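Have a look at the structure below, then the notes.
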Amino acid sequence: MAVISYREALRAAMREELKRDENVVIMGEEVAQFNGAYKVTEGLLKEFGPKRIVDTPISEAGFIGLGIGASMLGIRPVMELMFWSFSYVAFDQVVNNAGNIRYMSGGLINCPIVIRGPANGGTNVGATHSHTPEAILASHPGIKVVCPATPYDAKGLMKAAIRDNDPVYVMENTILYNDKAEVPDEDYIVPIGVADIKREGTDLTIVAHGRAVITSLKAAEILEKEHGVSVEVVDLRSIRPLDEETILASVRKTHRALLVEENKPFCGVDAQIAYLIQSRAFDELDAPIGRVSSIDAPQIYSKKLEDLQLPYPARVVAAALKVLA
Amino acid sequence: MAKNAVITHPESLKRPAGPSEYAKDPVNASLSKADKIALYTKMARVRHFEQRCIRTYQQGKIGGFLHLYVGQEAVAAGTISLLGKFDHIITGYRDHAHGLLVGMSMKECMAELTGKVTGCSKGKGGSMHYFAPDKNYWGGHGIVGGQAPLGTGLAYAVKYRGQKGSCLTYMGDGAINQGAVHEAYNLAALWDLPIIFVIENNGYSMGTSQERSTAHPGCLAKRAEGYNMAWDVVNGHDVYEVRAKTAIALKRAHEESKPTILEIFTYRYFGHSMSDPDKTYRDKEEVKGYRETKDPVFLFEKELLNEGVLTKELVESINAAAMEEADAAAVFADESPEPTLADITKHIYWEEDNRGPKTTSSGTIIFE
């Protein structure tokens, strides 16, 4: 077991799958010669050559669509979006084509494509580069969406995504790329649709995904040390499919729920989770469900304010205390 | 200064239609009598299927959109007649002919239009979304130009596998101004993909003529030059010419792995779709002119009668059989069951449709 970064874990997953299956190809802007805009694919061109690791022009609708077409014939493209924000210029391909073709063909076709890249704010790059489209995309039946928060999950979910026969959209986070943790050297996957209890507790359930998990874990520390509160943190890991049972089991144990995510409030992932909890565990609740989202404005450029726009530990602590009051 | 040059038509279209100048082209000269009869039969089948669709639509049995191919038959028939094992096709929403020509049955096609479970997409796709991947037919796509990147991907996969194949990526003249089409052009030329972009130019993007929609230097195919790609213009009323010029592009794809844009001039007799009253943007006389002098099925019929391949009797029996087949398809569609409510949530995910020891995901994937 080696200690590696989130970035290296993603790369290890791709390297292992490139070796395992000759149908796997890596494609995207700057993934090959440049070694990746965020160095996730560093060294892969040297190891696997230009047939497997392919630089594309800046042409998201074109190359994402190309990947979808190739996947219909059994190629397993892993397409990098430099930012998930850029998926918006390829939205017809990402949603209409990848997401609908199986259905519209009555099950005759499937698209084993992975689209991956960072989807996060907090990097001082302004509104156009800071979108978090996991809720938007997960609202389309036909698409799977995962959001790893740790190096272990990044590797395991990426490998599961590449082996999956449906379109899987992997949303990473540039702020997490340097986070390090122990990751097994041997082959493993993290099954898609299985949440993970990142911290056990008894007084409050926090449900989060992506970097909001890390923020929530920090908040849980503070809540324990400064307020004597025992917090359970449920990391969704996968948005669609959604591990509803793990969420409900935790809420039935703690009787209080706080939902934390980096999306804007309107129709975020937490909207679906809040509906789930009230519909299936209403009687278990001792308080209204709380939530922490990003402040509802386009992502601000100002670094100082952007740090306040996103959920941060003190905000999560305050919201938790309100649910606990 | 006028934005557009006078449209550059293929040479053969500048003259009154007569015997095909391409009858002796090797790709046509090599056809046996039976091959020629089969090709004519296929065109007649497309014609009669589409005309039967009009009746079914008027009977209120087809919902949504219905885009007819009547008048354009030689385009799909000529191009598809040349394809081999590793050649694939993909098109836009005017997709019935392509389906029939790759070998889909009239029954499954008609049943799809009426939304029945026996339809080619089990009633989940409709008129615009026919698919037959076992016959290398990848749809049937509703968003104008959205299929162009998919076609480049199919061609990429063929090349990746080292197969001597191609992907014929069809689109209408209305697709030419979509960004996705130009991104596909660029990728196809940049990566030397074995693809033929077939622009089925029927003159109108819905109700907007080419002159009103598109800045062009004489023809749409010429935009290929901006991508260093080969191109040609084709008389789409002459199936022999379609075959001859497609064969050159196909050879380029198979032997050099290079893309081509073929602009095939054609004409649709009916509106953009059945909901188009077809009264505001073109003259009845124009439609009449095409019907009377450039009808691709009639011209090929005349050609083959002159060649002594067809006889009047054979023409009658082929057309009668095609009409009968289309009628039988309509009856089949009528008698077929509707999909059930439980069918709505099937065929969304491969994994849910194929649950077994090797599937790994869990959790809720279809929500209430």
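Looking at chain A, the DSSP beta bridges with both ends there are about 20 percent antiparallel.
A simple count of charges around A:Pro57, restricted to other residues whose Cβ falls under 10 Å of its Cβ and scoring Lys, Arg +1 and Asp, Glu -1, yields -4. Applying the Karplus relation 6.51 cos²θ - 1.76 cosθ + 1.60 with θ = phi - 60° to the range A:31-36 yields 3J(HN,Hα) values of 6, 9, 4, 6, 6, x Hz, where x marks Gly and Pro. Of the listed residues A:Ile239, A:Ile222, the order by accessible area with a 1.4 Å probe, largest first, is A:Ile222, A:Ile239.
Once the Kirkwood radius over Cα pairs is known for the range A:196-324, the Stokes-Einstein relation at 25 °C and 0.890 mPa s delivers a diffusion coefficient of 170 µm²/s. Note that the range A:2-80 shows a convex hull volume over its alpha carbon atoms of 87 Å³ per residue. Taking B:Ile366, B:Ile37 and ordering them by how much accessible surface each has at a 1.4 Å probe, largest first, produces B:Ile366, B:Ile37. As a length-normalised measure over Cα pairs under 8 Å and 6 or more apart, the relative contact order of chain B settles at 24 percent. How far is the Cα center of the range B:1-45 from the Cα center of the range B:170-186, in Å? Cα centroid of the range B:1-45 versus Cα centroid of the range B:170-186: 24 Å apart. When all protein chains stay in place and ligands, DNA and RNA are ignored, the 1.4 Å accessible-area order of A:Arg163, A:Arg315, largest first, is A:Arg163, A:Arg315. Counting only DSSP H runs of at least 4 residues, each contributing -39500 (n - 2.57), and dividing by the residue count of chain B, the helix-based mean residue ellipticity at 222 nm comes to -12500 deg cm²/dmol. Here the alpha carbons of chain A define both size measures, Rg and Dmax, at 19.4, 59 Å. Across all directions, the average flat footprint of the convex hull enclosing the Cα atoms of the range A:2-183 is 9.5 nm². Annotation: per residue accessible area for the range B:107-244 equals 27 Å², rounded to a whole number [probe 1.4 Å, protein chains only]. Note on the range B:49-103: Kirkwood hydrodynamic radius from all Cα pairs is 12.4 Å, rounded to one decimal.
A:Ile197 contributes about 60 Å² of solvent-accessible surface, heavy atoms of the protein only, 1.4 Å probe.
Angle of helix A:6-20 to the longest C-alpha principal axis of chain A, folded into 0 to 90 degrees and rounded to 10: 40°.
Legend: residue pairs A:Lys198/A:Lys225; B:Lys135/B:Lys302; A:Lys19/B:Lys358; B:Lys42/B:Lys294, Cα-Cα distance threshold 22 Å; pairs beyond threshold, B:Lys135/B:Lys302.
Mean sequence separation of contacting Cα pairs (under 8 Å, at least six apart), scaled by the length of the range B:232-368, corresponds to a relative contact order of 18 percent. Spread over its residues, the convex hull of the C-alpha atoms of the protein assembly as shown is 173 Å³ per residue.
Measuring only protein heavy atoms, the 1.4 Å probe finds A:Leu223 accessible over about 0 Å².
Note on the range B:160-293: Cα-only Rg and Dmax are 15.9, 50 Å.
Couplings for the range B:131-141, taken from phi via the Karplus curve 6.51 cos²θ - 1.76 cosθ + 1.60 with θ = phi - 60°, read 9, 8, x, 5, 10, 6, 10, 9, x, x, 10 Hz in order; Gly and Pro are left as x.
Expressed as a fraction of 2.2 N^0.38 Å, the value expected for a compact globular protein of N residues, the C-alpha radius of gyration of the range B:289-368 is 2.13. When the surface is traced with a 1.4 Å probe over the full set of protein chains, B:Thr280 keeps roughly 130 Å² accessible.
Across all directions, the average flat footprint of the convex hull enclosing the Cα atoms of the range B:1-68 is 8.9 nm². Only residues of the range B:265-303 count here: report those whose backbone N is under 16 Å from the spot 7 Å along Cα→Cβ of B:Glu211, or say none. Those under the cut-off are B:280-287.
Expressed as a whole percent, the accessible surface of the range A:173-268 that belongs to carbon and sulfur atoms is 49, based on a 1.4 Å probe. Compactness of chain B, taken as the C-alpha radius of gyration over 2.2 N^0.38 Å, stands at 1.00.
Here's how it looks for A:Val54: its modeled amide H is under 5 Å from those of A:Ile26, A:Met27, A:Gly28, which are all 5 or more places away or on a different chain.
When only Cα pairs below 8 angstrom with a gap of at least 6 residues are kept, the range B:93-249 shows a relative contact order of 14 percent. Other protein chain C-beta atoms within 10 Å of residue C-beta, averaged over A:110-116: 2.
The values are calculated or read from the model by the stated rules, or taken from the named source; none is laboratory data. Source: prediction; values computed, not measured. Backbone-built Cβ (ideal geometry, glycine too); neighbour counts: all protein chains shown. These accessible areas exclude ligands, DNA and RNA; they are computed on the full protein's heavy atoms, side chains included. Shrake-Rupley method; radii C 1.70, N 1.55, O 1.52, S 1.80 Å.
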